[in-house]
Amino acid sequence: MPSPVKSQPVSSTVAWRRLTELARHPHDLTAPGGFSPERIAKLRAQACGLDILYAAQRVTPEVLVALTDLARETNVIERFRDLLRGAISNRIEGYPSENRRVLHFANRHLFDDLPDRADVRMPQDAVDDSRREMVRLAKFLEGVEQGTVTNAKGEPFNELINLGVGGSALGPRAIYLALQPWRYRDRRVHFVSNLDPDDAAATLRQAHLPRTLVTVVSKSGSTQETRTNEALLRDAYRRAGLDPNVHFTCVTAVGSPLDKEPSYREKFHMFDYVGGRYSPTSVVGGVSLGFGLGFSAFEDLLRGAREMDLASLDLDLGANLPLLMALLGIWNRNFLGADTLAVIPYSQALSRFVAHLQQLDMESNGKSITTAGVPVAWGTGPVVWGEPGTNGQHAFFQLIHQGPGLIPCEFIGFRESQYEEDEVIDGSTNQQKLLANLFGQVLALAVGKPDTNPNKRFAGNRPTLTILGDRLTPRMMGRLLAMYENKVAYQGLVWGINSFDQEGVELGKRLTLRVLPHLAQSHADSGAGSDAVERALLRAARLLPD
């Protein structure tokens, strides 16, 4: 197993100091020639069927050279290779850590025509693990197709409930909604994630339980939200006169509490080197996506992700889209002072994709300690948010255009619609109008508009980046997903933080266990002791009597 390549603190690099100087006079998009045809033609990159147009970023040739130097000085490409080689990366030096490899990449290393590069050989055990589980998944889904996996009456299943939270739901749900044209017409997939009982109750009213499978997804096998909702759903099946053991499957880690229970007709395994938010291309996503879209569509998703993983190793910034996006994001975050990033897909199919990206980015890079165990002296992950265009234009674009703060935008668009059902209205199709809106926003944010009336003045100089593909297919979805995954990893490597743990979600979970007994009235209300604050909160909320 390789030892990770070390890197100096990013703020001590020559490139960081140079970027700090250049940030005093960033490129002015509103200046004469600041957003010219020549600039637009030059500042673009392409890989795996995706184009990135970044002429509307506030970068000069000198900034791009310095960003490339930053990547070189921090050894990020070599350190990214280390991830794929299986180096222990989930760690903080000198402190207790998970000390795990980061190998979600192995989940999509399934294609003989997309082999390892000579400089990056993935650990064989991870490749074997992934292939074994994918073979098991394919066999299970084949049984659903052929009618050998049925309910107690021998009837086929045509609905599935994915029961999980966080990474066990966000990515699979976003992808399932994104790829509806490939959905089996006689099947539906539901997602229950929230502990709010109304989430499960609403799904139970939609699903026909006798012909509905449930997949319980929990890596730890002890997630409170998931296990509570599982108990609720099992009760619903019993009340309907159905045996839950015939209907319930699970995805969990080997040896977890869930794995040790015998009450599942099928168990699939994820591994400790696959983090939840990086798991849509594992069996976590495979069960629900394979059921709803078909295993061949899921394989296409994996193929696209694998293609982008290989492109992410390219030394040429014009072909390494994740690294390019990472460096431009660092320029905006650390040198132009942008605290947030708006991701705006001009595609209704990606209506939940930004919710997945929020977890992917903010859970990964929302860190204030370096891997050396010392506080960071620079900004790390931005606040990620957004909604599809054109809806967002009628909601929050006012703030982006005329608010006092800087909000960089990443626009995602496609040249063709998914369903390819469109008409010419007033001389243009809906898809053409959609893309015109996208590029209209790029122009408006870049160059602005002067006006003697300050209320009608647009300052411009607001950076955007446009990601463009031909059509959102399963393969294209895999490329897009892996591009963002690898962008986040590259930024974490530059910042010198651990992008692969999530300690920040744990404290609230633990304190929940101190509050819950009071609500459940499981121990006496003595009015004193270490839990007085919890009781005071609940009394103020009128959840306990005074």
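In this structure, does Gly508 turn out to be within 29 Å of Asn365 (Cβ to Cβ), in a helix (DSSP H, G or I) and either in contact with a Leu (Cβ under 7 Å, 6 or more places away or on another chain) or assigned by TED's automatic domain parsing to the domain that holds Gly405 (or both)? Break it down into steps so the answer makes sense when it comes.
Numbers: within 29 Å of Asn365 (Cβ to Cβ): yes; in a helix (DSSP H, G or I): yes; either in contact with a Leu (Cβ under 7 Å, 6 or more places away or on another chain) or assigned by TED's automatic domain parsing to the domain that holds Gly405 (or both): no.
Here the answer is no, as Gly508 does not meet what is asked.
Tell me, which strands (runs of 3 or more DSSP E) lie completely within the stretch 334-453 with 2 or more residues that are aliphatic (A, V, I, L, M)? It would help to see each step written out before you state the result.
Working: elements: 340-345, 383-385, 409-414.
In the stretch 334-453, the matching strands (runs of 3 or more DSSP E) lie at 340-345, 383-385.
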Pick from the stretch 46-63, criterion touching a residue at least 60 places away in the same chain (Cβ under 8 Å) and farther than 16 Å from Ser36 by Cβ, ranking: farthest from the chain's Cα centre (by Cα):
Val63
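Table: residues versus (1) part of a helix (DSSP H, G or I); (2) acidic (Asp, Glu).
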site: Asn107; (1), (2): yes, no
site: Ala118; (1), (2): no, no
site: Met122; (1), (2): no, no
site: Val135; (1), (2): yes, no
site: Glu142; (1), (2): yes, yes
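Here are Thr429, Thr452, Thr370: which of them is touching a residue at least 60 places away in the same chain (Cβ under 8 Å) and in the same structural domain as Tyr490 (by TED's automatic domain parsing)? Walk me through how you get there before you give the answer.
Numbers: Thr429 fails: touching a residue at least 60 places away in the same chain (Cβ under 8 Å); Thr452 fails: touching a residue at least 60 places away in the same chain (Cβ under 8 Å).
None of the other options fit; the residue is Thr370.
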Being under 24 Å from Val488 (Cα atoms) and buried (at least 16 other Cβ atoms within 10 Å of the Cβ) narrows it down to one of Gly34, Gly49, so name that one.
Gly49
Hey, among Thr464, Thr512, Thr452, which residue is over 30 Å from Ser12 (Cα atoms), hydroxyl-bearing (Ser, Thr, Tyr) and at pLDDT 95 or above?
Thr452
When every residue in the stretch 455-492 that is in contact (Cβ under 8 Å) with a residue 60 or more places away in the chain and among the aromatic types (Phe, Trp, Tyr) is compared, the one nearest to Met308 (Cα to Cα) is Tyr484
Name every residue in the stretch 17-65 that is part of a helix (DSSP H, G or I) and farther than 18 Å from Pro408 by Cβ, in order of residue number.
Arg17, Arg18, Thr20, Glu21, Pro37, Glu38, Ala41, Lys42, Pro61, Glu62, Val65
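The values are calculated or read from the model by the stated rules, or taken from the named source; none is laboratory data. It should be emphasised that the depicted structure is a prediction, and the values quoted were computed from it without experimental measurement. Glycine also receives a Cβ, built like all others from the backbone with ideal geometry; neighbour counts cover every protein chain displayed.
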